[in-house]
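The values are calculated or read from the model by the stated rules, or taken from the named source; none is laboratory data. Keep in mind it's a predicted model, so treat the numbers as computed, not measured. Because the Cβ atoms are built from the backbone with ideal geometry, glycine has one as well, and the counts that use them run over all protein chains shown.
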Amino acid sequence: MQLSALDWGIIITVLSTTLLVGFWVSKRASANSASYFLGGRHMPWWLLGTSMVATTFAADTPNLVTNIVRTNGVSGNWVWWSFLITGMLTTFVYAKLWRRLGVTTDVEFYERRYSGKAARFLRGFRALYLGFFFNIMIMANVTLAAIKIGSVMLGLSPAEIVIGAGLLTVIFSAAGGFLGVLITDMLLFVLAMTGSLLAAYFAVNHPAVGGLDNLLSHPNVVGSISILPDLGNPEHYVPLLLIPLVVQWWSAWYPGAEPGGGGYIAQRMLAAKNENHAVASSAFFNFCHYAVRPWPWILVALASLIVYPDLASIETAFPDVDKGLIAHDLAYSGMLTYLPHGILGIVVASLASAYVSTISTSLNWGSSYYVNDFYLRFINPDASGRRQVFMGRVMTVVLMVIAGFMSLVLESALQAFQILLSIGAGTGLLFLLRWFWTRINVWSEVAAMVLSFLISMFFQFGHRLFGAGTGFGDFLISLESWERMVYSVALTTVGWVSVTLMTRNTSAETLATFKEDIKGADGEIRHGIYATLFSTAAIYGAMFAVGNLIYGNIGVAVSLLLVTVVTGYATWHLYRKAGAGAKLTPAKQTS
């Protein structure tokens, strides 16, 4: 399809504004590493929370949701909806702990919690493992979404999209640092939400769809709209609902939904003015992420089942798109081709903004690991602030180049999601308990990391080792993705717990210092857990109230809103009772 001059004008204006913000704050961002990676540690909750939302509103997210809805129905989204429990636990229990610790990155935690050379090694290795391997996978997945959108809407080749989008984002991220990301995220979030709402409106009113009533009653759609899977069929409710709610949320490590907080979520909590702002930023993020954003994407995905009922119809509609890119997630981009000019420009600009927001965050986050936890710790401990910023900018370019090449190998958003989820399976419980169970030591962390990776790779590719036709090879081939994850969780958890019990404890001096750093009010953790339960019910209530309102179930929607109000008030009461309003001193800062 062809974009009009109006469409291009909107896109260029938005992207130019992004670059100008990056250059505008570049001098302030370059002052020192704390400014470049944490914005000086005095950021307000609303700015940090909006940035979290904008970052997780990646260009690949609508594609992922579309893929899920088209293959498993709306109820398939429990695979990521279940992470709300993780998010609220991070909000009311772990956000304060991270802010009190006062570190620059979350992997600095290892030398604060554990002792000896092994802790130093783990910090450096984990920085490279997360900052490179996991981070590059995240960016490659987001770039894959940009490739699919650009192939359909702009007619560009994958290489052209990777080079153009990567170059723009690298310039912005390297110049503006963390502060530039935060400021532009405000604009990008508003634009991205506007774009998703417009996309949903025009998708529902597509001539082949004929409005909301026709959409929800269409034969292609009616079997996919239920929020809950078929509870009478174990083949549906076990993988789609039971496993995510009973196993996945606490056991799996996934970027943006780390048990106990971590990655770019922890980075923003560490940049907050104080503990209250850290908590509020995380709460705001989770409310927007789950209660506000999903339904526009879901409506587009449902409409696509009518316009593009199968993969063959997608391939027929876009014959010039590389056959390797044809998958269900391409249907989202396909639905956007029907937008009128002007609106099309806004939506494409919103997707470009989502891309820039997510990639710039990943670049800043990954480079912060390299500079703070590897370069400064092991290579040049005496590096000046400006030298650290320079190395951060160099690493920004390196990460983007590798992620661009990696994006050309992946096939779908769901594929990358499942790979990341499986590799982190079994490590989540450790991340939740390591703050409180003093028996956990550095070897527990090493065991969990190594076992989760090796076991995941075995279940993914072990059938090639044994071969089809052999008993064990056929067994591995027959396993569903959720079965592989359950086995991985069980084996990894047993493994790291066994190592914990067989190895020496962390030194008493290190543990005493760590406990003193994170010490809080009596009953704080207990009230935080209660607040987690009530806040989870409140956000699920709000999210499903919106869904039932769309479906026309007014009585159910009103009842769910009442649940939201009651549990929301209970959450606020518990938070205040835990002493949230007490005067707080700034958290200590370390290097």
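Residues in region 551-574 that are assigned to a helix (DSSP H, G or I) and either crowded, with 20+ Cβ neighbours inside 10 Å or not aliphatic (A, V, I, L, M) (or both): Tyr551, Gly555, Ser559, Leu560, Thr564, Thr567, Gly568, Tyr569, Thr571, Trp572, His573, Leu574. Does at least one position in region 251-273 carry a residue that is crowded, with 16+ Cβ neighbours inside 10 Å and free of Cβ contacts under 8 Å to residues at least 60 places away in the same chain? No, region 251-273 has no match at all. Restricted to region 300-387, the set of helices (runs of 4 or more DSSP H) holding at least 2 residues that are hydroxyl-bearing (Ser, Thr, Tyr) and under 30 Å from Leu179 (Cβ atoms) comprises 343-370.
If only residues of region 1-11 that are aliphatic (A, V, I, L, M) and more than 13 Å from Val347 (Cα to Cα) are counted, the one that is modelled with the lowest pLDDT is Met1. Considering region 18-31, the residues that are of a type outside the set (A, V, I, L, M) and surrounded by 15 or more Cβ atoms within 10 Å (Cβ to Cβ) include one that is modelled with the highest pLDDT, namely Thr18.
Scanning region 419-439 for residues that are more than 19 Å from the chain's Cα centre (by Cα) and surrounded by fewer than 24 Cβ atoms within 10 Å (Cβ to Cβ) turns up Leu433, Arg434, Trp435, Phe436, Trp437, Thr438, Arg439.
Only one of Val494, Val489, Val499 is among the aliphatic types (A, V, I, L, M), part of a helix (DSSP H, G or I) and free of Cβ contacts under 8 Å to residues at least 24 places away in the same chain; which?
Being among the aliphatic types (A, V, I, L, M), part of a helix (DSSP H, G or I) and free of Cβ contacts under 8 Å to residues at least 24 places away in the same chain holds for just one of Val494, Val489, Val499, which is Val494.
Kindly check whether there is at least one residue in region 118-126 that is part of a helix (DSSP H, G or I) and either more than 25 Å from Val398 (Cα to Cα) or at pLDDT below 80 (or both).
yes
Being of a type outside the set (Phe, Trp, Tyr) and surrounded by fewer than 23 Cβ atoms within 10 Å (Cβ to Cβ) is not true of Leu89.
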